[in-house]
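Have a look at the structure below before the remarks.
The values are calculated or read from the model by the stated rules, or taken from the named source; none is laboratory data. These numbers come from a predicted model, not from an experiment. When we count neighbours, we look across all protein chains shown, and the Cβ atoms used for this are built from the backbone with ideal geometry, even at glycine. Note: areas computed on protein heavy atoms with side chains; ligands, DNA, RNA excluded. Shrake-Rupley method; radii C 1.70, N 1.55, O 1.52, S 1.80 Å.
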Amino acid sequence: MFWKVGKVKITKIVELETIGSTRFILPLAGNEEIRKLPWLIPHFATEEGRLKMSIHSLVVETPSRRILVDTGLGNDKEGRGVPTWNNRQTPFLEMMTAAGFPPDSIDTVLCTHLHVDHVGWNTRLAGGEWVPTFVKARYLFGRTEFEYWRDHSVTPDKIAVFNDSVRPIADAGRADLVESDARLTDEITLIPTPGHSPGHISVLIRSDGEEALLAGDVAHHPCQMAHLDWSSTADSDPARSALTRRELFSRFADTPTLVIGGHFDGGRIERDGDAFKFIVRG
Ligand SMILES: [Zn+2]
């Protein structure tokens, strides 16, 4: 699946798709509540009100760069809190290559934040060591985010994620820490969107008068556009995360800006009473 934004092309590479079983991340998004939001069906939920979600990476091709935004779960990782996220063996890199993006063609990796499902393919296991997967890439991490997890990863699962998927990049000299509002290229600027994590960033793309927003995990699912206060269990600051949703969605509502989530496909945000809804077409 891909989208064009002026001269920029955005391609989604899926690592994992799920239907339902989302109570652990969005406990308030029960089936009954979801069925009250018919615009979610069928793209983002089933008729029964079960949520459709994915873990994916986005390849952003500008005239001069090939940037991989977020890197999923990865293979061979251990110590994850979600059982099925351990010791995975998926042909994700082969899928990237088949889609036209061999790993060594990526010049930049950008993580919206440093949670387990956004950093996995930063590294791969080689001879018992975690090494950078994208050997020709600089890896861009938000400075606030990197320093937070470097200093505050205290639970075993958070320590595992930082040590196998983030620290080896810094140790290999491949990491660049960027400010949360940095301009990366003529087309790409970062927007600070804290709440889900302390240094979470979103990615604004502008080219030839067209615009796209890679929102990351500001919302895990479009149902949070209707219910801004449905913070996820993974949000480090649920109140801040709700405020960030209101600010960010207000800015882009009723504009042609294409919005793509860290776990959902592209659409456009429309105002709907005091909140918002998400429209795939039109
Ligand atoms: Zn996520």
Starting from the exponent 0.38 and prefactor 2.2 Å, build the expected Rg for region 36-157 from its residue count and divide its actual Cα Rg by it.
-> 1.20
Against the longest principal axis of the chain, how steep is helix 143-152, in degrees 0 to 90 to the nearest 10, with axes from Cα atoms?
-> 70
Only helices counted: for the chain, with every DSSP H run of 4 or more residues adding -39500 (n - 2.57) and the sum spread over all residues, [θ] at 222 nm is -5000 deg cm²/dmol
Dipole in debye (nearest 20) - region 1-49, about Cα centre, beta carbon charges: Lys, Arg +1; Asp, Glu -1 = 440
Taking Cα centroids, how far is region 1-31 from region 158-172 in Å?
-> 25
Taking the Cα centre of each part, how many Å lie between region 129-148 and region 39-118?
-> 16
Accessible area of the chain divided out per residue, in Å², using a probe of 1.4 angstrom | 42
Beta bridges per DSSP with both ends in the chain, % antiparallel, nearest 5 | 70
Debye sum, Cα scatterers, the chain, no solvent: what log₁₀ I/I(0) at q = 0.10, 0.11, 0.12, 0.17 1/Å?
-> -0.48, -0.59, -0.71, -1.52
Compute the distance in nm between two label points, each set 7 Å from the Cα along the Cα-to-Cβ direction, one at residue 135 and one at residue 9.
-> 2.5
Compare the peptides 181-187, 150-156, 160-166 by average per-residue count of other Cβ atoms within 10 angstrom and give them in order, highest first.
-> 160-166, 181-187, 150-156
FRET efficiency for residue 125 and residue 176, using Cβ-Cβ distance with R0 set to 22 Å, rounded to 0.05 | 0.40
What is region 51-109 by shape, rounded, prolate or oblate, if you read a ≥ b ≥ c off the alpha carbon gyration tensor as root eigenvalues and call it rounded for a/c under 1.5, prolate for a/b larger than b/c, and oblate otherwise?
-> prolate
Under 15 Å from a point 7 Å along the Cα-to-Cβ line of residue 250: which residues of region 256-282 have their amide N that close?
-> 271-276
